[in-house]
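Notes to accompany the following structure.
The values are calculated or read from the model by the stated rules, or taken from the named source; none is laboratory data. Bear in mind the structure is a predicted one, so any value in this text is a computation, not a measurement. With ideal geometry, Cβ positions are generated from the backbone for all residues, glycine too; neighbour counts draw on all protein chains shown.
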Amino acid sequence: MNTELLLKYIAGDCTDYEKVSVTKWLDSDPENLKEFLALRKLHDIVIWQTSPVDKAEQASKEKKSVWSWKLIYTEVLKIAAVLLVAVLVSRFLSPDYKSENSIAMQIIHVPAGQRAEITLVDGTKVWLNAKTTFTFPNYFSENSRNVTLDGEGFFDVSANKLKPFIVKTEKYDIKVLGTKFNLMAYSGKGIFETSLLEGLVEVHRSDGSKGILIKPNERIFQENNRLVVSPIIDSTHFLWKEGIISFNDESFPEMVNKLELYFDLHIEIKNDKILNYRCTGKFRTKDGVEHILKVLKLSNKFNYWIDDKQNVITIE
């Protein structure tokens with residue numbers, strides 16, 4: 001089904017003939033309904049990020065939002081639908097009234113093999129990597145801008161000296177005023193690393209203890225349950241936000257860990273000699289894990305088998 005027609009249907013701009021066409025398409029295959037719901041949630045997340053206005057103005061903004069996002073929707077759907085889930089949606093008491101009771105928390109979950117990009121109400125841009133859950137409010141309070149990340153995100157934070165931007169993770173919080181940084185913090189995996197490209201950030205434990213400042217081109221990561229600061233080694237890693245997985249002379253186990261994380265599968269290595277291999281290359285996420293393995297095996301001799309039912313790849 002044409003994406004433009006689906007967007008018209010969601011916006012309520014279809015003719016009667018077009019409505020019948022979309023309805024028949026939805027009824028013809030359960031997969032069509034899944035695609036439509038994913039697109040609808042993409043539309044809703046745009047609407048939920050706008051400020052409350054009168055009904056006439058809101059209707060106008062919604063219509064513009066749909067068409068301004070059309071190209072983004074189309075590109076995302078070429079890869080696969082990103083699952084966006086919004087929860088705890090509350091109504092504003094009046095267009096000019098804001099209180100803590102009217103804050104609506106929203107959650108975005110990016111499935112394995114996918115990525116997403118959003119702009120928050122303060123102008124901050126956020127890119128989200130595969131298997132990432134991001135929680136944020138529909139608007140920020142007067143004193144702070146707090147969001148929560150479980151996974152990996154790249155942040156281009158809008159500067160506001162009076163309202164710090166804080167990203168909360170499982171163990172650490174990252175406080176910034178206006179900067180660009182990459183944050184990897186997958187809960188339950190012991191992974192935490194913040195790489196600073198511009199500005200200044202402070203990393204501290206969520207218990208409020210004294211933080212550690214890092215400067216541009218530095219990274220801070222967890223090692224043996226403590227934080228270590230060192231220079232950024234490989235800036236090509238940040239290409240993930242453009243849909244590219246990069247390996248820069250990485251060990252085979254490091255490469256495997258990335259593939260398992262980003263594609264939500266398990267890889268078993270049956271030959272210990274393979275562990276000594278080094279991997280270098282750049283791959284598009286949308287090409288899939290099998291394409292990556294086919295290319296890597298050209299320079300690293302190994303064979304692999306895929307068990308789709310168990311979601312397991314065996315390498316030997």
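A few notes on this one:
- Among (1) more than 30 Å from residue 160 (Cβ to Cβ); (2) surrounded by 17 or more Cβ atoms within 10 Å (Cβ to Cβ) - the single one residue 224 does not satisfy: (2)
- Test result for residue 162, in the same structural domain as residue 209 (by TED's automatic domain parsing) and not in a strand (DSSP E or B): yes
- Remark: residue 261 matches the filter, which requires a residue to be in contact (Cβ under 8 Å) with a residue 12 or more places away in the chain and in contact with a Phe, Trp or Tyr (Cβ under 8 Å, 6 or more places away or on another chain).
- Residue in segment 165-189 that is surrounded by the most Cβ atoms within 10 Å (Cβ to Cβ), counting only those that are part of a loop (DSSP other than H, G, I, E, B) and either not assigned by TED's automatic domain parsing to the domain that holds residue 110 or not β-branched (Val, Ile, Thr) (or both): 186
- Candidates 243, 199 - the one that is surrounded by 12 or more Cβ atoms within 10 Å (Cβ to Cβ), on the phi > 0 side of the Ramachandran plot and within 18 Å of the chain's Cα centre (by Cα): 243
- Out of 227, 298, 261, sole residue that is outside the structural domain of residue 191 (by TED's automatic domain parsing), closer than 29 Å to residue 133 by Cα and not charged (D, E, K, R): 261
- Checking each residue in segment 206-225 for being part of a loop (DSSP other than H, G, I, E, B) and of a type in the set (Val, Ile, Thr) picks out no residue at all.
- Selection status of residue 156, farther than 25 Å from residue 224 by Cα and charged (D, E, K, R): yes
- Applying a threshold of 8 Å to beta carbon distances and a minimum spacing of six or more residues, or different chains, the list of pairs starting in segment 298-316 at a residue that is under 11 Å from residue 266 (Cα atoms) and ending at one that is surrounded by fewer than 13 Cβ atoms within 10 Å (Cβ to Cβ) and acidic (Asp, Glu) reads 306/290; 313/307; 314/307.
- Boolean, residue 250 is among the charged types (D, E, K, R), part of a strand (DSSP E or B) and either touching a residue at least 40 places away in the same chain (Cβ under 8 Å) or in the same structural domain as residue 117 (by TED's automatic domain parsing) (or both): no
- Residue selected from segment 264-301 under the condition of a type in the set (Ser, Thr, Tyr) and assigned to a helix (DSSP H, G or I), by the criterion surrounded by the fewest Cβ atoms within 10 Å (Cβ to Cβ): 299
- Scan of segment 282-315 for residues that are within 11 Å of residue 263 (Cβ to Cβ) and of a type in the set (Gly, Ala, Ser), ordered by number: 288
- When restricted to residues that are assigned to a strand (DSSP E or B) and of a type in the set (A, V, I, L, M), segment 190-205 contains 4.
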